[in-house]
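The values are calculated or read from the model by the stated rules, or taken from the named source; none is laboratory data. Treat the numbers as computed from the prediction; the structure is a model and nothing was measured. So basically every Cβ, Gly included, is an ideal-geometry build from the backbone, and we count neighbours across all protein chains shown.
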Amino acid sequence: MNNDPLLAIFEKNQDKFVSGEQLSIALSCSRTAIWKKIQKLTKDGYLFEAVPRLGYKLIGVPDRFDMVKFATKLRTVRLGKSQTYVDETTSTQDLMRTLITNGAKEGRLVIAESQTLGRGRLGRSWHSPAGKGLWFSVLLQPTVPLRAISQLTLLTAVALCKSLRAETGLKIGIKWPNDLLIDGKKISGILLESMAEDDRIQFVIAGIGISVNLTQDDFPVALHPIATSLRIATKNHVFSREDILASFINEYEALYDTYLLNGFSPIQKLWEQMSVTLNQHVRVQQLNQTLEGYAVGIDEQGALLLRQSNGDLIRCYSGDTDR
Ligand code: BTN
């Protein structure tokens, strides 16, 4: 039996219309209040057919992430083996911090069906509606100095790009440092947060958002020119979120192990092959200045190398590129 009294009524009346009047009597509220509740449920991924004089019929429920299905696809030894799944949280990054306080170890995976305060790079917010995307954090504990954090950021982007290309066949590229794009629109974002002591990393929380099955209507209008989803990019193909996440975590562990064994250089090469930023003139917006130049590569710290018109080579350690 559903906890939501309105959904409980629809559950009892499967495949039947229930009028607004019946609903308002059953729940002792106005028909406007019922309409508002229906709107809220629609936002959460429920689908209703509304017919004048007949009322509403529930015709679809939101997709819920299936942890068992995910676990059967996982081929890792450490990453993702221990999992926490919640319906809703402020941010999976916050939840992971709490779990660290309670003793969480490397590899812990936190997945939320929706986030109320999802955050992105540079203080931006991250749109995280229920049942349509993958909003998750992975805990890493590498024994590397704090300055290696940007290498881990690029490593995360490479693993994500590689696995999403394999799962979808889409031409996905990496915009420096770690945005994943399809035809210039963002499909996924990565936010690494770390805790360190005496220049040694204690924890890295890798937070990743993938817009999997969102439709155009699921995005706020302001994001329409800059954001897309796997579903929109494939003309309405609905993807298995379990397959996508398992494929990423499998790739992530493989690349992470390569990095711990052989250093950044193999990752650097892969990043350069997958990049859509290199070999063109770019502008990098930083906090107080804009840098410009021809993007020729990245260095061993993950900084973007820009050749300026006077021949000088400059390094960008942070910022947002225009391509
Ligand atoms: C960006 O592109 O600015 C980074 C976006 C990162 C979003 C993910 S969703 C899961 C995790 N929890 C958060 O609050 N943010 C990251």
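Of these, 196, 112, which one is free of Cβ contacts under 8 Å to residues at least 60 places away in the same chain, assigned to a strand (DSSP E or B) and more than 14 Å from the ligand (Cβ to nearest atom)? Break it down into steps so the answer makes sense when it comes.
Numbers: 112 fails: more than 14 Å from the ligand (Cβ to nearest atom).
Result: 196 is the single residue among 196, 112 that is free of Cβ contacts under 8 Å to residues at least 60 places away in the same chain, assigned to a strand (DSSP E or B) and more than 14 Å from the ligand (Cβ to nearest atom).
A quick yes/no check of all residues on (1) free of Cβ contacts under 8 Å to residues at least 24 places away in the same chain; (2) more than 16 Å from the ligand (Cβ to nearest atom); (3) over 30 Å from residue 252 (Cα atoms):
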{"site": "15", "(1), (2), (3)": "no, yes, yes"}
{"site": "25", "(1), (2), (3)": "yes, yes, yes"}
{"site": "39", "(1), (2), (3)": "yes, yes, yes"}
{"site": "52", "(1), (2), (3)": "yes, yes, yes"}
{"site": "88", "(1), (2), (3)": "no, no, no"}
{"site": "100", "(1), (2), (3)": "no, no, no"}
{"site": "103", "(1), (2), (3)": "yes, yes, no"}
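Which condition breaks for residue 155 when tested against (1) within 11 Å of the ligand (Cβ to nearest atom); (2) buried (at least 23 other Cβ atoms within 10 Å of the Cβ)?
Here residue 155 meets the rest and fails (1).
Somewhere in the stretch 158-177, is a residue near the ligand (Cβ under 10 Å from one of its atoms), in contact (Cβ under 8 Å) with a residue 24 or more places away in the chain and within 19 Å of residue 92 (Cβ to Cβ)?
No, there is no match, as no residue in the stretch 158-177 is near the ligand (Cβ under 10 Å from one of its atoms), in contact (Cβ under 8 Å) with a residue 24 or more places away in the chain and within 19 Å of residue 92 (Cβ to Cβ).
Got a sec? Which of 125, 137, 150 is closer than 21 Å to residue 187 by Cα, within 14 Å of the ligand (Cβ to nearest atom), in contact with a Gly (Cβ under 6 Å, 6 or more places away or on another chain) and not charged (D, E, K, R)? Please lay out each step first, then the result.
Working: 125 fails: in contact with a Gly (Cβ under 6 Å, 6 or more places away or on another chain); 150 fails: within 14 Å of the ligand (Cβ to nearest atom).
Step by step, each of 125, 137, 150 is checked, and only 137 is closer than 21 Å to residue 187 by Cα, within 14 Å of the ligand (Cβ to nearest atom), in contact with a Gly (Cβ under 6 Å, 6 or more places away or on another chain) and not charged (D, E, K, R).
So residue 178 passes all but one of these: (1) over 30 Å from residue 236 (Cα atoms); (2) crowded, with 20+ Cβ neighbours inside 10 Å; (3) modelled with pLDDT under 95. Which condition number does it fail?
(1)
Only one of (1) part of a helix (DSSP H, G or I); (2) within 26 Å of residue 42 (Cα to Cα) is not met by residue 130, so which one is it?
(1)
Looking at this structure, is residue 65 modelled with pLDDT of 95 or more, assigned to a strand (DSSP E or B) and among the aromatic types (Phe, Trp, Tyr)?
Details: modelled with pLDDT of 95 or more: yes; assigned to a strand (DSSP E or B): no; among the aromatic types (Phe, Trp, Tyr): yes.
Answer is no for this residue.
With the requirement that a residue be basic (Lys, Arg) and crowded, with 22+ Cβ neighbours inside 10 Å, what does the stretch 101-122 give you?
Of everything in the stretch 101-122, just one residue is basic (Lys, Arg) and crowded, with 22+ Cβ neighbours inside 10 Å, namely 108.
Do you know which residues across the stretch 299-320 are of a type in the set (A, V, I, L, M, F, W, C) and closer than 16 Å to residue 177 by Cβ? Give the derivation first.
Step one: of the stretch 299-320, the residues of a type in the set (A, V, I, L, M, F, W, C) are 303-306, 313-314, 316.
Passing the criteria: 303, 304, 305, 306, 314, 316.
Can you tell me which of (1) among the basic types (Lys, Arg); (2) under 30 Å from residue 263 (Cβ atoms); (3) free of Cβ contacts under 8 Å to residues at least 12 places away in the same chain is the one residue 147 doesn't meet?
(3)
Quick grid of which residues meet (1) aromatic (Phe, Trp, Tyr); (2) in contact (Cβ under 8 Å) with a residue 24 or more places away in the chain; (3) outside any strand (DSSP E or B); (4) within 24 Å of residue 131 (Cβ to Cβ):
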site: 22; (1), (2), (3), (4): no, yes, yes, no
site: 56; (1), (2), (3), (4): yes, yes, no, yes
site: 59; (1), (2), (3), (4): no, no, no, yes
site: 93; (1), (2), (3), (4): no, yes, yes, yes
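Can residue 181 be described as closer than 30 Å to residue 41 by Cα and touching a Lys or Arg at 6+ places or on another chain (Cβ under 9 Å)?
On the way: closer than 30 Å to residue 41 by Cα: no; touching a Lys or Arg at 6+ places or on another chain (Cβ under 9 Å): yes.
So residue 181 fails the test.
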